[in-house]
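Below is one structure, written out as structure tokens; comments come after it.
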Amino acid sequence: MLKTHPSKQNKKHNSKQSKSVHTELAEVKRSKIKMSKQFTKIYQEHYDKVYRLCLGYVNGDQALAKDLSQDVFIKVWEHLDKFQQKSSIGTWIYRITVNVCLLFIRKNKKKKKLKFTEIKDEIQEENDDQNRMQQMYSCIYKLKETERIIILLILEGLPQKEIAEVTGHSHQNIRVMVHRIKEKLTKCVSNGI
């Protein structure tokens with residue numbers, strides 16, 4: 001019986017390990033590429049909605065809304081591989097958005113009160129739409145935290161059942177709350193309060 005020299009056995013073993021490491025690296029690369037493509041698709045499909053939701057939390061401050069949107073998608077990227085698919089990806093992203101915005105607001109309330117843009121007394125005709133939007137954001141900003149979350153999600157077209165899932169309220173509660181929030185906003189906008 002012929003025995004192979006131990007050094008030859010080690011070379012064969014090292015060669016197999018080397019191939020295994022290369023195979024693993026290639027698989028990791030493919031996985032990262034796949035995740036990157038998935039993230040790009042998610043970003044393209046949800047950025048505008050996330051941005052508008054953030055805009056509602058910062059009283060229409062576009063620069064701040066962009067910063068918060070970026071923070072949201074950083075969190076989405078960091079946790080995408082942990083997404084458990086217990087809800088839709090959109091609902092998961094909305095939940096992240098709400099949490100990022102609320103965390104931002106809480107941190108800034110402790111530091112100092114946020115300085116928001118003021119509505120000019122003189123309304124120019126070409127700025128009417130923008131001023132109405134600013135007034136609406138001001139009214140939304142005056143709502144309680146939960147009410148703000150709910151109305152911003154409604155404005156995004158999210159079904160009430162999904163809003164219930166995001167907020168942890170029952171679907172029936174959401175229906176009642178939406179009705180009351182709309183009444184408050186109508187009163188606020190029409191009275192200019």
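The values are calculated or read from the model by the stated rules, or taken from the named source; none is laboratory data. Just so it is clear, the model here is predicted, and its values are computed rather than measured. Here Cβ is always computed from backbone atoms with ideal geometry, including for glycine, and neighbour counts include all displayed protein chains. What goes into the accessible areas is simple: the full protein's heavy atoms, side chains included, and nothing from ligands, DNA or RNA. Shrake-Rupley method; radii C 1.70, N 1.55, O 1.52, S 1.80 Å.
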Contour minus end-to-end for His179 and Lys142, with contour as 0.36 nm per residue of separation and end-to-end as the Cα-Cα distance?
-> 11.7 nm
Plugging the Cβ-Cβ distance of Gln70 and Gln172 into 1/(1 + (r/R0)^6) at R0 = 41 Å yields, to the nearest 0.05, a FRET efficiency of 0.70
Beta carbons within 10 angstrom, averaged per residue: use that to sort the peptides 80-88, 36-44, highest first.
-> 36-44, 80-88
Sorted by average packing, counted as other Cβ atoms within 10 angstrom per residue and highest first, what order do 178-184, 53-59, 94-100 take?
-> 53-59, 94-100, 178-184
Whole-percent carbon and sulfur contribution to the accessible surface of region 144-193 (1.4 Å, no ligands, DNA or RNA) stands at 51
Would you kindly calculate the mean projected area, averaged across all directions, of the convex hull enclosing the Cα atoms of region 30-70, in square nanometres?
-> 2.8
Ile140 neighbourhood, Cβ < 15 Å, K/R = +1, D/E = -1, net charge +4
Which net charge results when you count Lys and Arg as +1 and Asp and Glu as -1 among the other residues whose beta-carbon is under 15 Å from that of Lys184?
-> +3
Quick calc: nm separation of the 7 Å Cα→Cβ label points for Phe83 and Thr40 -> 1.6
